[in-house]
Every structure is written in C-alpha cells, then in structure tokens.
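The values are calculated or read from the model by the stated rules, or taken from the named source; none is laboratory data. Just so you know, these numbers come straight off a predicted model, no measurement behind them. Don't worry about glycine lacking a Cβ; one is built from the backbone with ideal geometry, like all the others, and counts go over all protein chains shown.
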Amino acid sequence: MIGYILVLLIVLAAVSYFFGRKRAVRAVEGREYLLHSRPNYHGAFVAAWVGIPSVLLVLVWILFQGSVIDNLLLWSLPPGTTDGLSVGQTSLLLSEIKSVAAGNLFSEPSLVVQEAAERYQRWEAIAQWAMVGVAFSVALLGLAIASRRISPDFRARHGAERILSGLMIACSLIAILTTLGIVLSLLIEALRFFDRVNPFEFFFGLNWEPQIPIREGQVTAGGAFGAIPVFAGTLLIALIAMAVATPIGLYSAIYLTEYAHPKVRAVIKPVLELLAGIPTVVYGFFAVLTVAPAMRQFGEMIGVPIAPNSALAAGAVMGIMIIPFISSLSDDAIAAVPRAMRDGSYAMGATKGETITKVLLPAALPGIMGGVLLAVSRAIGETMIVVMAAGIIATLTATRLSPVTTVTVQIVTLLIGDTEFDNPKTLAAFALGLVLFLVTLGLNILALHIVRKYREQYE
Amino acid sequence: MQAYLPDVFDTALFGLLADDAPEAIAQRVAADPGIIGKTVSVLFPVSPPVAELAKGKTPKVLNSRFTPEQIKVFDAMEDKGLLRTPFNWELFFNADSRFPERAGLAGAITGSFYALMVCFLLSFPIGIAAAVYLEEFAPKNRFTDLIEVNINNLAAVPSVVFGLLGLAVFLGYFGLPRSAPLVGGMVLSLMTLPTIIIATRAALKAVPPSIREAALGVGASKHQVMMHHVLPLALPGILTGTIIGMAQALGETAPLLLIGMNAFIPSVENMGLLEPATSLPTQIFSWADSPERGFVSRTSAAILVLLGFLVVMNLIAITLRQMFQRKW
C-alpha cells in the first residue's frame, strides 16, 4: 500500500515535470529565447515542489503512525486496564490486540481486547486514507504554488539549483545522523542497563553469567554481569591475531616494496588484497572446519589438549584476515619515505638490509604503528569468525588453549532470537556494544592522528 | 530397487534414501494410481550418511550408522550402477529445508537480492549527493570538517554495532518488522554509504580542473558544470566504488543476524520486502551451525555460490574501470 502511494507520488512528480515545461513554453508562445531559464528547469522546479514535500510527509507519517495509534489505543482502553502492568506486559497486550485485529485468534479474547481490536482496525483504515488524502493534497498544493510562479522572468534555474543544494546537504547530514543514532541508541540502552546493574560490577566484576531465570524458581545462575572475562577473552584473541598478522603483513610489505620484481608485485598485491574481500563468515567456517581440528590433532600429537573452540584457532584465522590491512598500510608507509633518505643511506655504504632495518623502518614506524592500531580495532570488532570458532562461556583464563569468549560473541548470542528490550540480558549487549564502539573509535582516531602527523613530517 | 535386490527389507532400503522419499512415493502413487503394480524407476537423493559413503569419506566396515544389510544393499546398488552423482541443481532452486539433501539457496538468494536492492536504492543516490556536496559545494568550515571526520570514522565502526543500531532504532523505535529485507537493506546501506562517498569523492577529484574551467568559461552555472560535465565523467569511478561497496554488503553477516535476517524460509513464495527473510551469508552461518553432517557439504557449496557472486561483482567493477578509465 505504502509502496504504491510512493510510486504514485513519484509518477505524479514526473507528470508535473512535463506540465511545468509545457506551461513555461506556452507562457512565451514557443519563443523559448524569451525565458530566463530553459523549460527543463521550470519542469524540474514544479516536479520538486510536487514530489519532495509529499514524499517526505508520507515517510514521516509512516514513522509516527504506529506509535501514535498505539498510544491512542492504550489511552482508549477502559480506565484501570493498564494499571500495574509493566512495559513488557503493556506491549504484550498491544500485540494481542493487533493479532486479534488481524484475525488470528488463538484463544477467546476478552471483551476489552475485542473492542480495542475493532477500534484498532477502524483507526488503521482512517489513518491510511487520511495519509493518502493529505499526501495528495500536499502534492496538488505544491503543483498549484509552483506553476503559478512560472513566467518568462521567473528564475527557475536558481530555484531548482537551490532545491538540489538543499537535498545534497540533507544527504551529507545522514552520516552525522548515523553516528548520532549509534551513540544515542547505545547510550540510552546502556544507561537502562546500568539502572539495573551496577556499572562497577559490569566493568570490574569477574563473573559473566548472563542467563537470567525466566520463570520463577528456575534453577539458573543468578545472572552475573562482570565483563572482565569477556574483555580478557577479546584482548587475548586480538593479541593472537596480531601476533599472526603483524610479522606476516610487515614482512610481506617490505618484500613487496623493496625486493619484489614489479611483475611479481603486480601478481602478489592483488592476491593479498583478495583476502580482504572474503566475507568473514567464510573465514569462520574455515576456522571451524579446518583450522580447529588440525590444531586439536597437532595438540594431541605433542600431548597438549587444545579445546576445539580455543582462542588459538579463532585468533589465527582472524590474523590471516587482517594481513592485507597491515601489509597495505605498511606498504604505503614505507613507500612514503623520501627517496633521498634511501639514497643517502646507500651513499654511506650501507647494504640493502641495513638500509631497511636502520633507515626505512624507523622512518616508516609511525605509519606502521597507525596501521597496526587500525588492525587491532578491526580485530576487536570482528564478529563472525569468533561467533563461529570461539566459545560462549566466559572463563577467565590466561592460556590460549581453553575456550574463551569475546565482546562480539556475547552481543550476538545475547540478542539472537530475543526482542524483549526490558531485561538486563538484552540490555547488556548494548552496554557491551557501547564499550566496543568507544574502544574502536578511540583506536581509529589515535591511528589516524599518528598517520597524519607522520605524513606532515615529510611534506 | 526391490526388484533388483529382492533379499532386503523395506526399512533397510528407506534408511538409505532421503528422509522424504516414502512421502514422495506415496504422493506419486496418489497422483497416478495407474502405476500400482508396475515397475517404475525413480531417482531419489540418498541420505547424507550414504552420500559420504559413496564419496568414500567414511569406512564401509564397522560403520555404526549402517546395519550390515544396508551396506549390502549399498554394495549391490553400486555394482549395478544404480548410484548416480548428477549436478545438484536443487541447491539453486530449493528453499531451505531441515533435510540437508533437500536444502537449497533459493530463499537466501532472493533475500540477499531484496536487501541489496534496498541498499543500492538508498545508498547510491544519497552517497553521490553527499559526496558531490562535500567535494564541490561545501564551504570549508568546522561543520563540514565534522561531517568529513564522521564519514571516515563510520567506515571503521565494527559491523556488529550497525546491527545494534538497526535493532534499537529501526526495529525498536520505528517498529519496522523483524527479519525483513527492508530493514536489512537499510542497515547495509548505512554501512556502504561511507564506502560510496569516499569512492565518489576520489572519482570527482580525478576529473581535471580544466574541464570545470572550460564549462564555467562558456557560462555554465556551478550546478550545470557538475551535472552536465563532471558527474558523467566521474560515473565509471563512482560505479566501480559502488559495486565494491555492494560486494562488501553482500558478504556482511553480523548486522543481519542481529536484526533477525536468518529466518527459516522453507518456500520462496510470498517473500517480500516486509516478510521474514534470510540472506546468503546468514544462511551459510545457520547451515554451518547445524548438527547434521550433511550440511557441511551444503555449507561449502553455499560458500562457493557466495564467492562466485562476489567474484562476478568484482570482475564487473574491474572491467568497468578498465573500459572507461581515461588518462587526462
């Protein structure tokens, strides 16, 4: 329904483009040179006036129709019905009313619910037709206003260009809105979480057992939200990943910039970058199916028990995923070292190896460090590999061989198949998300700062 | 099969075939009662353990998953050439199923297609408009600096955080339906926007200033220079960046998992933008998580399909770049 309305409005705007065009031509009786702006601009101006306000109105209407009707429904219920109901129970009541209205009867609904369902159906229909009416009258109003302004002297091009500029500014604001949305949604949910759970316990507690008894008297752990084991697991896996990726990425960058024949470089570099294009779920499958069993077998061979979901397998595969990051960023950093420094070193009689270790690497170090920091933030935020290959239960461990869990694993497992927003279990995911967002953001800003500062040194 | 192998029991036979074989036979007889009493040859998928046996992955002797009779039947079938390994087209045309031998990717491909379509329709125009504004029109001030820093940082935000955003804002606040490709596409478009904006800005920068100056010199307005000259010349670069962004979005899993786009879709009918759906990467994830062993080979096949799509998209991007790249 809403799709059809939008399509219809866009068609209407397209039609009014031709209408505006024609009207402009008719205003000067076909002598187009008399117009200030070309007829196209008159058409575009009218189309924008018809299309933009009405489409915006429909979008805003959709966003708010649901919650307005919900509130009206709750307000219209007989007094006392919603007294003493929690937020969750109220939303349950609402969804019961809606499913009754949609014709899904599971059991005999109460009279109150039936009446509310009828009201709901009626209001939905009214709202829908009201939206259609309002949207089309706004469109026609736009048509009237815009087409009245068409005259030989009207500066339609300026008008159309101003509208276009406004649209472009609105589009570039979306980036800010996204960031704002992320920060606000994480903050609000995390604050609700900290209402229920002491922040001190969350940041310093040693016990992570987010399972909460659903029924009364159910035997589960009491629900402990000490996130230290989760943070420790994340750091451990990121550390292993970096231990794999840093040397391989750095050495391959040195080889590619300093030693490799241009032909070899032309082959190896795209192949390395191909690694960055593989979806992480594929890496995860690879970790579970190939790397973890191989490691367990190797462990059996040397007599060390390695758990199948140990940090080692997940970390190693994550390291492989990160190699292209480090290698291409180090590549840039090494290539950015001025030719003169290299030549100076050779002129002093240094060998190639000495030049690399004594001159190039120290000079490129800030750039390489920036790359490594970016890679760390990538490793911390990486989800699918650890969801598939690492464990779920949080144990505080320093060994690399027993199962560990990470922040991202916890976010995914806490939220899969659970939409209730008012229990600490799901809210905990948002608190973890907030920590994750802040840490990765900090790392990125730091890395970019280092890289930029270093770049300026040689310019 | 009974005619070929008279000395075996029904149960031993059916244990070898796919779980839905008895039902399928019953349906076929019901549809055409005339075939009762005749010998009809039909082809069925075998059950996953048998498939592994046929591929030589598990040992024949002392295999706890087969009775000795079943092994005998299997050997006899193999001797008479009754086992075939045709190409499994069902992988592309079936939707998901609980039985690995029947499960296919049709639902996942459709869901991914819808989500990517939404993602493209949102992020392509918005990305270009934002990039054009920032690159060509924006005054240099603190506010535009803020937007730029923002875009660069968004590109590095972990994907799972975008999933949290989608869950809290699109599902929780706006009340859009869970598991819907529309929501998936919206979340993915927020993730691809920075990629497209950055690529578009690079493409705009690559158009030489002489073109702009020439157009301005013959009296075009700033907008006309942009729309008539710079943007068309930059379009190949923009398209390349967009396709690469789309390829990233196609492989993205975590945000889709969080908004529930890993629904079990047993049939492709009545899939829509607002209906529950699944996508290729989340399908791979659910299959990889399934305990049945038959899903291991299904998962691998699904990964090959996903990688195939990615390779095709990247090839298109590369050819576009090479066909239209100009040296100024």
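Would you check if there is a residue in the range A:215-237 being buried (at least 20 other Cβ atoms within 10 Å of the Cβ), modelled with pLDDT of 85 or more and closer than 14 Å to A:Ile323 by Cβ? No, that holds for no residue.
How about the range A:156-191: which of its residues are charged (D, E, K, R) and either surrounded by 16 or more Cβ atoms within 10 Å (Cβ to Cβ) or more than 14 Å from chain B (Cβ to nearest Cβ) (or both)? Passing the criteria: A:Arg157, A:Glu161, A:Glu189. State yes or no: is B:Thr278 buried (at least 17 other Cβ atoms within 10 Å of the Cβ), among the β-branched types (Val, Ile, Thr) and within 26 Å of B:Gly172 (Cβ to Cβ)? The answer is yes for B:Thr278. For the range B:301-328, the set of residues classified as among the small types (Gly, Ala, Ser) and either at pLDDT below 90 or touching a helix residue (DSSP H, G or I) at 6+ places or on another chain (Cβ under 8 Å) (or both) consists of B:Ala301, B:Ala302, B:Ala317, listed by residue number. The condition of being in contact (Cβ under 8 Å) with a residue 12 or more places away in the chain and either in contact with a helix residue (DSSP H, G or I) (Cβ under 9 Å, 6 or more places away or on another chain) or part of a helix (DSSP H, G or I) (or both) does not hold for B:Thr144.
If you check B:Ala263, B:Ala277, B:Ala254, B:Ala288, which single one turns out to be small (Gly, Ala, Ser), closer than 17 Å to B:Ala95 by Cβ, assigned by TED's automatic domain parsing to the domain that holds B:Gly111 and touching a helix residue (DSSP H, G or I) at 6+ places or on another chain (Cβ under 8 Å)? Quick ask: steps written out before the conclusion?
Working: B:Ala263 fails: touching a helix residue (DSSP H, G or I) at 6+ places or on another chain (Cβ under 8 Å); B:Ala254 fails: closer than 17 Å to B:Ala95 by Cβ; B:Ala288 fails: closer than 17 Å to B:Ala95 by Cβ.
Every option except B:Ala277 fails the conditions.
Taken together, B:Val160, B:Val183, B:Val187 contain a single residue that is under 20 Å from the mean Cα position of the chain (by Cα), assigned to a helix (DSSP H, G or I), at the interface with chain A (Cβ under 9 Å from one of its Cβ atoms) and closer than 27 Å to A:Leu427 by Cβ, which is B:Val160. A search for C-beta distances below 9 Å between a residue of the range A:329-358 that is in a loop (DSSP other than H, G, I, E, B) and any residue that is surrounded by fewer than 18 Cβ atoms within 10 Å (Cβ to Cβ), counting only pairs 6+ apart in sequence or on different chains, returns A:Ala336/A:Arg455; A:Ala336/A:Tyr458; A:Val337/A:Tyr458; A:Pro338/A:Tyr458; A:Ala350/A:Lys358.
Within the range A:270-281, the residues that satisfy the criterion of being over 20 Å from the mean Cα position of the chain (by Cα) and either facing chain B (nearest Cβ under 10 Å) or modelled with pLDDT of 85 or more (or both) are A:Pro270, A:Leu274. Residues in the range A:293-314 that are in a helix (DSSP H, G or I) and crowded, with 24+ Cβ neighbours inside 10 Å: A:Ala311, A:Leu312, A:Ala313, A:Ala314. Within the range A:244-279, if we keep just the residues that are among the hydrophobic types (A, V, I, L, M, F, W, C) and surrounded by fewer than 14 Cβ atoms within 10 Å (Cβ to Cβ), the residue that is nearest to A:Leu443 (Cα to Cα) turns out to be A:Leu274.
Before we move on, is B:Ile244 in contact with a Leu (Cβ under 9 Å, 6 or more places away or on another chain) and surrounded by 18 or more Cβ atoms within 10 Å (Cβ to Cβ)?
Here the answer is no, as B:Ile244 does not meet what is asked.
Here B:Pro139 fits the description: over 26 Å from the mean Cα position of the chain (by Cα), outside any helix (DSSP H, G or I) and not hydroxyl-bearing (Ser, Thr, Tyr).
Results for (1) of a type in the set (Ser, Thr, Tyr); (2) buried (at least 18 other Cβ atoms within 10 Å of the Cβ), shown as yes or no for each residue.
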site: B:Thr253; (1), (2): yes, yes
site: B:Leu256; (1), (2): no, yes
site: B:Met261; (1), (2): no, yes
site: B:Ser300; (1), (2): yes, no
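Of the residues B:Ile109, B:Ile128, which single one is within 13 Å of chain A (Cβ to nearest Cβ) and either under 30 Å from B:Arg212 (Cα atoms) or surrounded by fewer than 23 Cβ atoms within 10 Å (Cβ to Cβ) (or both)? One residue alone meets the criteria, B:Ile128. Scanning the range B:160-198 for residues that are surrounded by fewer than 24 Cβ atoms within 10 Å (Cβ to Cβ) and over 30 Å from A:Asp70 (Cβ atoms) turns up B:Pro194, B:Thr195, B:Ile198. For the range B:190-209, give me the residue count where each residue is of a type in the set (A, V, I, L, M, F, W, C) and within 14 Å of chain A (Cβ to nearest Cβ). Counting residues in the range B:190-209 that are of a type in the set (A, V, I, L, M, F, W, C) and within 14 Å of chain A (Cβ to nearest Cβ) gives 7. Each residue in the range B:258-310 was checked for being of a type in the set (Val, Ile, Thr) and more than 9 Å from chain A (Cβ to nearest Cβ), and 5 of them qualify.
Residues that are away from chain A (no Cβ under 11 Å), buried (at least 18 other Cβ atoms within 10 Å of the Cβ) and modelled with pLDDT of 90 or more do occur in the range B:210-228. Within the range B:292-316, the only residue that satisfies the criterion of being of a type in the set (Lys, Arg) and part of a loop (DSSP other than H, G, I, E, B) is B:Arg293.
Pick from A:Ser76, A:Ser86: which is under 30 Å from A:Pro424 (Cβ atoms) and either modelled with pLDDT under 80 or of a type in the set (S, T, N, Q) (or both)? Answer to the selection: A:Ser86.
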